[in-house]
Each structure stands twice: as C-alpha cells, then as structure tokens.
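Please read the structure below before turning to the comments.
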Amino acid sequence: MSSRLHITVDGPADAPTLLLGGSLGTTCAMWAPQLAALTGRFRVIRYDHLGHGRSAVPAGPYTMDLLGRELLRLLDDLGAARVDYAGLSLGGMVGMWFAAHAPDRLRRLVLLCTSASLGPARGWRDRAATVRAEGVAAIADGVVARWFTPAYAATRPDVVDAHRAMLAATPADGYAACCEAIATMDLRDDLRQIEAPTLVVAGADDPATPVEHARAIVERIPQARLAVVEDAAHLANVEQPEQVSRLMSEHFDEEW
C-alpha cells in the first residue's frame, strides 16, 4: 500500500465501507464504543491520522490539504470508490475537506465535536512548540480535562486514564505537526461545496469545540442537521456511546 495511514478493519468484507477518523491525540481505539452498533452492516475502517498511533510520522508542519489527500490515497489503496465517513474533532476537519474536495467519493457524512475554523492560530503554534520541547505528556492533563465532563471523570477514572495514556503515547512530532494544520485551517468557504447529507453532532458540555461551532457548520452545508448530546464533553462518542452510536446508525441507515 502507498498510504502512510495505519488502519483497523472490522465487519463483513463485502459490506459498504464506513471510514472513521478520530480526535487529535487519539488512535483507532477511540472508536471502540461504536463497533458493536456499526459492524453489523458496515465494513468499518478506523484509521490513525498521520503522525499518530501506528501511522507514519513525516516531518511537519502538516496542512489540512495534506491530511485530506492522505485519506484519498488510503481510499485508492483500499479500492473504495465511495464511502460513508464519520470524524470527530481533527477527524471531522479532515472529513469536511474530504467532502468538499472529493464529493464523488462520499455518500453520507457525520461530523462530531469539530470546527471549520478553530483559532487563535497562535495558541495551536504555542502548543506545538511545547510538545516538541517537552513531549505530549506536558499538555495531556489539560487536554483530557476537555475530553470528559467532571462528572464522568469522577465515575469512570479507568476510561479517562486509558485515554490519557493514548494521548501521551502520541509521537510528539506528529501531534505538533497536526496542531500546525489546525492553526492554518479555515474550511468555512468549503462548506457550501459539500453535497453529502450531513449530521453534525455536538457535545452540550464540550469546551474544546462548543455547540456554536457545530451550528456554524450546519448553517453553511446545504443538507445538514444538528444533534446536541447532553452530558458530553469533547469525546462525546466515549462519554455517551449509546446515544452517539444511535445517531450515527440512523444517519447512515439509508439504503445503498
């Protein structure tokens, strides 16, 4: 394969393909809560972003164009002419680029806890510099505090600890380079080019990408609707797995 992205494949080999892209600082494991609901009728392909997990870590900085084209290369390698796609946070940003630049390759889209423009750029560049100098562990506590609500963190410290370990294990150069891609990202003008029916999911208590960012996306995509998940912060799919899985399944339920 020419793609530099690591993938994990679940579900029937002859089923329609659903691609899942995760948050900055996560791996394929982030989507484990959704597998039971989705693998019955999809070949679910989870991928690690460039610079993450077991994917390649080329020198940065990265751009959203680079991350999107890497995704298209993966689809070509898989022989997947047309797919469904769901992405959370950074995965949603890549998904918006994909939907706008390769509309013929996409059937339906779900964007979770994400933004089309997430400034200020200086904050992302400062985070990248910190990570390159001190490692991802230096920013892990602050990031994980935005991933889960305090109530969930108090009752499920095992889940929080597992995701913190996932974040801290991310290659520093890859994490920093993806921060730089977010710093330069502005997809707002691309949104009107998205043709796929789109579900935008927001966590009601998400401090990283508040509900206002989801509403701004919905306003610009011609066929988009909003769903707000209560009692959920940034990793809404982990904190409220049943509700998010149901929303995704219902949106993708249109027959091929």
Residues (among the aliphatic types (A, V, I, L, M), over 19 Å from the mean Cα position of the chain (by Cα) and more than 30 Å from R188 (Cα to Cα)) located in the stretch 119-167: A133, A137, A138, A151, A153, A154
Hits in the stretch 214-256 (condition: over 18 Å from the mean Cα position of the chain (by Cα) and among the aromatic types (F, W, Y)): W256
The stretch 216-245, residues that are loosely packed, with under 14 Cβ neighbours inside 10 Å and in a helix (DSSP H, G or I): E219, E242
Residues located in the stretch 2-31, provided they are surrounded by fewer than 17 Cβ atoms within 10 Å (Cβ to Cβ) and out of contact with any strand residue (DSSP E or B) (no Cβ under 9 Å at 6 or more places or on another chain): S2, R4
Answer from H52, H101 - the residue that is open to solvent by less than 50 Å² (accessible area, probe 1.4 Å), touching a Gly at 6+ places or on another chain (Cβ under 7 Å) and farther than 21 Å from G203 by Cα: H52
Listing of helices (runs of 4 or more DSSP H) fully contained in the stretch 132-192 that carry 1 or more residues being open to solvent by 70 Å² or more (accessible area, probe 1.4 Å), free of Cβ contacts under 8 Å to residues at least 40 places away in the same chain and under 25 Å from V57 (Cβ atoms): 137-147, 157-168
Enumerated strands (runs of 3 or more DSSP E) restricted to the stretch 1-103, each holding at least 3 residues that are of a type outside the set (V, I, T) and closer than 25 Å to S245 by Cα: 17-21, 43-47, 83-88
Residue count, the stretch 69-98 (criterion: open to solvent by 40 Å² or more (accessible area, probe 1.4 Å) and within 16 Å of the chain's Cα centre (by Cα)): 1
Restricting the stretch 112-131 to residues that are part of a helix (DSSP H, G or I) and of a type outside the set (G, A, S), the residue that is most open to solvent (accessible area, probe 1.4 Å): R122
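The values are calculated or read from the model by the stated rules, or taken from the named source; none is laboratory data. Because the structure is a prediction, the values reported are computed rather than measured. As a convention, Cβ positions derive from the backbone with ideal geometry for all residues, glycine included, and neighbour counts pool all protein chains shown. With ligands, DNA and RNA removed, areas are computed over all heavy atoms of the protein, side chains included. Shrake-Rupley method; radii C 1.70, N 1.55, O 1.52, S 1.80 Å.
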